[in-house]
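Reviewing the structure listed below.
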Amino acid sequence: MLTFTQQLLYFCTAEVIEPHWRAFMSRLEASSEDEASAAKTATGEPNAARRTVDELMQDHVDFLATCLKECMLTNAKLLRINSKVTSTCLMFANYTASLTRSLDAASPAFTPTPINPTPLPIDEAKLEKLFSILTQYEQHFSRHLKILLDALNYLAATETVGFLGLCARLSMAAEGGDVGVGFGRRGPGVGDGV
């Protein structure tokens, strides 16, 4: 989930917004340089090339529209899928605080106290419930991520080639997030007295 969030943020900032911002700023600088050179070489005639405020505003609107489209904010299907994936990440992040408290309560062996220095037995039922909840989060995330990847691959093939890099990075992240490979029901050291 963290890798997904990092890759999405990287794609939107470094591969979409930053290059288009540089192009927008270079157009502004070019127009100000043209204006300065026209002012120096002007012979008093009003036909020197100057950009109007409307042209500058149109450049800005074009910049915004391009960024919105390439950041997947204009396609309703992508927006809906992306919202599901990010909301799953947000719910998991909110769940981690209670997960930590529950793990501490389920297994006092993880938190020895001066009153009870000997490890107590682990409550298997609580741990099984926690792992089932974690597995549900992982399954929801994996399912929505696969749907997002399928939609991105389709759009990369038909409309926007720029999505290919994001697809490749998210696919590599998704390989590590497979439910069969993840923490599953019983990880090492759970219930074996270690």
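Each reported figure results from applying straightforward, stated rules to the coordinates on display, with no laboratory input. A quick note: this is a predicted structure, and the numbers were derived from the prediction, not measured. Glycine also receives a Cβ, built like all others from the backbone with ideal geometry; neighbour counts cover every protein chain displayed.
Listing for the model above:
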| item | result |
| --- | --- |
| Per-residue ³J(HN,Hα) for region 130-142, Karplus 6.51 cos²θ - 1.76 cosθ + 1.60, θ = phi - 60°, Hz, x for Gly and Pro | 4, 5, 5, 5, 4, 5, 5, 4, 5, 5, 4, 4, 4 |
| Label-point separation, A76 to D123 (7 Å along Cα→Cβ), nm | 4.7 nm |
| Point-to-point label distance, S87-K146, nm (Cα→Cβ direction, 7 Å offset) | 2.1 nm |
| Karplus (6.51, -1.76, 1.60) ³J(HN,Hα), θ = phi - 60°, over region 78-92, in Hz, Gly and Pro reported as x | 5, 5, 5, 5, 4, 5, 5, 5, 5, 5, 5, 4, 5, 4, 5 |
| In Hz, Karplus ³J(HN,Hα) per residue of region 145-150 (6.51, -1.76, 1.60; θ = phi - 60°; x = Gly, Pro) | 5, 5, 5, 4, 5, 4 |
| Formal net charge of residues neighbouring T88 (Cβ-Cβ distance under 15 Å; K, R +1; D, E -1) | +3 |
| Distance between modelled label sites at R22 and T96, nm, 7 Å Cα→Cβ extension | 3.2 nm |
| Sequence-distant residues sharing a close amide H with C71 (under 5 Å, placed H) | none |
